[in-house]
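> This is the structure I want to talk about, given as structure tokens.
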Amino acid sequence: MLAGLKKKRTSDSPVPEELSERFRRDPRFKRAFEALTPGRQRGYLYYFAAAKQSATRTARIEKAMSAILEGRGFLERR
């Protein structure tokens, strides 16, 4: 590994409260998210967390649910 570079881990990314709440209400969705590769998980976590308002984060999660359930990454959505 190059000096000074640190490998990013999915566990280092903050999980928005709205996503945690969705996981509690929908175990199937949580399993689908956990089945994604770490890079795909990070992509979604960054996208969800980038929204400043809770309503926007919730809308982004709802919009991405079908892609996550199909196992597609953030950039692979149709």
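> For a quick check of your reading of the model, give me the residue pairs whose first member lies in the stretch 47-65 and is outside any helix (DSSP H, G or I), whose second is charged (D, E, K, R), with beta-carbon atoms closer than 8 Å and at least 6 apart or on different chains.
51/57; 51/60
> Out of the residues in the stretch 10-35 that are modelled with pLDDT under 95 and farther than 19 Å from residue 56 by Cβ, which is surrounded by the most Cβ atoms within 10 Å (Cβ to Cβ)?
10
The values are calculated or read from the model by the stated rules, or taken from the named source; none is laboratory data. Just so you know, these numbers come straight off a predicted model, no measurement behind them. Glycine also receives a Cβ, built like all others from the backbone with ideal geometry; neighbour counts cover every protein chain displayed.
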